[in-house]
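Chemist: First the structure, then my questions, so here it is.
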Amino acid sequence: MDFLPVSLDIKAQSCLVVGGGEIAARKVGMLLRAGAQVKVVSPTLNETLSELNAAGKIQHQSAEFQESDLQGMMLVIAATDNAVINQQVSDLARRRTMLVNVVDQPMLCNFILPSIIDRSPVMVAVSTGGASPVLARLLRARLETLIPASYGRLADLGARFRELVKQRLPNTTQRRRFWEQILQGPVAEMVYAGRDDEANTALQSALQEAANPQILSQGEVYLVGAGPGDPDLLTFRALRLMQQADVVLYDRLVTPEILDLVRREAERIYVGKKRAFHAVRQEEINQLLVRLAKEGKRVLRLKGGDPFIFGRGGEEIETLAEEGVRFQVVPGITAAAGCASYAGIPLTHRDYSQSVVFLTGHLKDGSVNLDWTHIIQPKQTVVIYMGLAGLDQLCSELISHGMPSTQAVALVEQGTTPQQRVLVGTLASLPGIVATAEVRAPTLLIIGDVVKLRDKLAWFEGQR
Ligand code: SAH
């Protein structure tokens, strides 16, 4: 983190702007909106600044900048096109440990002004730490469209009822949940529609209902598919629930980038194999989910890919159902779909493959026990999950059950992540290729003529 984001209270504080052009005027406007006393030092003023000066909104000193101008100032912004003056302002201000910003020159700043979306009192600031102001502006434009214009009034509603809600719902978790419901539900919609009185009444009755102890004690489990690795592949619903959870149980397949999107305050419990939890058995995970939900928590069970595809999601909700715990299941993009897209291999194609099967290559007692005749069909794509450890055996079994040894196969390593690699070969050659490539889990095998399309569709990988 190159900069610490803070919000400054500059009401009635003296702030200096050096420069009298358009950019200076923009900075002055911002300082005035935040209630500052603004002084502008510049031999000339542009039209906007002249008007502000004539209206007595700013103080103007018609001269070149000199050190004494910094006297008594809380902060200074240099917006001149003179590199020498800009440098001088920066040096002198820093010597006084004063806040200084030089427009478009992050090296000369000890604070920078982010791009903002102003829904006062709600303020969203976007900063790239000076790396790319254009990128910050583009992001700001996207956020502008997401945040309703009357968002500030929603915050005002929060302020009006804050104390009352605190009295009625003394427990902080209950209170947070209550506000989450209000701020994303019908009450918020009433505020956006300008029906504030109605919103007040609706909020009060929701509060009465929420204070009923029976409703409050219920927890819930969200069984959420997190997709194959790229956080961009999460669903909106997954993201919303991730941001509401009190506790998250996750395993090896969930990438750190995705885990970062879980509500910051949520307790994180690793239940994968390896590391601290040393192979928490499935039964223990099931019981843990039940216990946490019964404590009234919102429990996020985050799973790689889709929870219902080789994810044991079925077993987990079975226990929840038996114990009467509320739950919801959110589908995710399964590894086969994600890896295939990002590797440029269509899973079906009218000329090459009319069906696709998903298999687990996980070996039980060291042997692969699969329905070979069903698997080895012409014009069918076979996707094998968990097939790395038994790769040699899988390939030789497929050959001995009748699949041509020249059959095209791709192994996708850490699909959809920046570390993705795709190794292509045949049933006969792939084990050798993989043996020398230092492959790391998770990996997925795609077997079928569609793999050959990859060369043609190589541009596809450009998306990463
Ligand atoms: N529920 C998951 C699968 C869990 S089984 C899903 O729907 O995707 C774990 C196996 O999934 C791994 O052994 C690997 O074969 C596959 N897998 C998951 N994520 C992957 C990724 N990013 N790249 C390649 N394979 C992946």
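Chemist: Add -39500 (n - 2.57) for each DSSP H run of 4 or more in the chain, then divide by its residues: what number comes out at 222 nm, to the nearest 500 deg cm²/dmol? Spell out each step's value before the answer.
Modeler: Details: 18 runs with 171 residues, N = 464.
Taking each H run of at least 4 residues, the total per residue is -10500 deg cm²/dmol.
Chemist: Can I ask one more? Which of S355, L16, Y342 sits farthest toward the positive end of the charge dipole of the chain, with +1 on the Cβ of Lys and Arg and -1 on the Cβ of Asp and Glu?
Modeler: Farthest towards the positive pole: L16.
Chemist: Let me ask another. Which percent of the accessible area of the chain is formed by carbon and sulfur heavy atoms (probe 1.4 angstrom)? Spell out each step's value before the answer.
Modeler: On the way: 13060 of 25150 Å².
Carbon and sulfur together cover 52 percent of it.
Chemist: FRET efficiency for E144 and E257, Cβ-Cβ distance as r, R0 = 30 Å, nearest 0.05?
Modeler: 0.75
Chemist: So, one more: What FRET efficiency, computed as 1/(1 + (r/R0)^6) with R0 = 60 Å and r the Cβ-Cβ distance, is obtained for E64 and E265, rounded to the nearest 0.05? It would help to have the intermediate numbers written out before the result.
Modeler: Numbers: r = 52 Å, r/R0 = 0.86.
Calculated transfer efficiency: 0.70.
Chemist: Same structure again: Between N212 and D2, how many nm apart are label points set 7 Å from Cα along the C-beta direction?
Modeler: 5.4 nm
Chemist: Shifting gears a bit: Which FRET efficiency, nearest 0.05, do L32 and R440 yield, Cβ-Cβ r, R0 60 Å?
Modeler: After rounding to 0.05, the efficiency reads 0.60.
Chemist: Right, another one. So what is the accessible area of the chain per residue, in Å², with the probe set to 1.4 Å?
Modeler: Roughly 54 Å² per residue, with all protein chains present.
Chemist: Whole number please: convex hull volume per residue, Cα atoms of region 14-113, in Å³.
Modeler: Cα convex hull per residue, to the nearest whole number: 86 Å³.
Chemist: Heads up, I need the accessible area for K27: 1.4 angstrom probe, whole protein in place, Å², nearest 10.
Modeler: 40 Å²
Chemist: Now for a different question. Hey, what's the Cα Rg ratio for the chain versus the globular rule of thumb, 2.2 N^0.38 Å?
Modeler: Output field value: 1.32.
Chemist: So, one more: Ignoring everything but the protein chains, give the 1.4 Å probe accessible area of S120 in square angstrom, nearest 10.
Modeler: For S120, solvent-accessible area is about 70 Å².
Chemist: Now for a different question. So how exposed is F358, as accessible area in Å² (1.4 Å probe, rounded to 10)?
Modeler: 80 Å²
Chemist: How many angstrom lie between the Cα centre of region 193-212 and the Cα centre of region 72-117?
Modeler: The two parts, judged by their Cα centres, are 47 Å apart.
Chemist: Round to a whole angstrom and tell me the spacing of the C-alpha centers of region 126-185 and region 403-431.
Modeler: Spelled out, the Cα-based centre of one part sits 46 Å from the other.
Chemist: From the protein chains alone at 1.4 Å, what is the descending order of accessible area for H362, H60, largest first?
Modeler: Numbers: H362 125, H60 55 Å².
Of H362, H60, the descending order of accessible area is H362, H60.
Chemist: Continuing with the same structure: Mind ranking D118, D260 by accessible surface for me, highest first, 1.4 Å probe?
Modeler: So, going from the largest accessible area down, we get D260, D118.
Chemist: What is region 72-150's relative contact order, in percent, from Cα pairs under 8 angstrom and six or more apart in sequence? Intermediate results must be reported in sequence, preceding the final value.
Modeler: Values: 93 pairs, mean separation 15.6, N = 79.
Rounded, it is 20 percent for region 72-150.
Chemist: May I ask you to compute the full-extension gain from D197 to Q167, defined as 0.36 nm times their residue separation minus their alpha-carbon distance, rounded to one decimal in nm?
Modeler: Net length gain for the segment: 8.6 nm.
Chemist: Oh, and also: What spacing in nm lies between the two simple spin-label points modelled at R175 and T373, each 7 Å away from Cα in the Cβ direction?
Modeler: It is 6.8 nm.
Chemist: Mind listing the long-range amide H neighbours of E267? Cut-off is under 5 Å, sequence gap 5 or more, other chains count too, H placed in the peptide plane at 1.01 Å from N.
Modeler: When sequence neighbours closer than 5 places are left aside, the close amide H contacts are V247, V248.
The values are calculated or read from the model by the stated rules, or taken from the named source; none is laboratory data. Source: prediction; values computed, not measured. Heads up, the Cβs are rebuilt from the backbone with ideal geometry, glycines too, and the neighbour counts pull from every protein chain shown. Ligands, DNA and RNA are stripped out before the accessible areas are found, and what is left, the full protein with its side chains, is counted by its heavy atoms. Shrake-Rupley method; radii C 1.70, N 1.55, O 1.52, S 1.80 Å.
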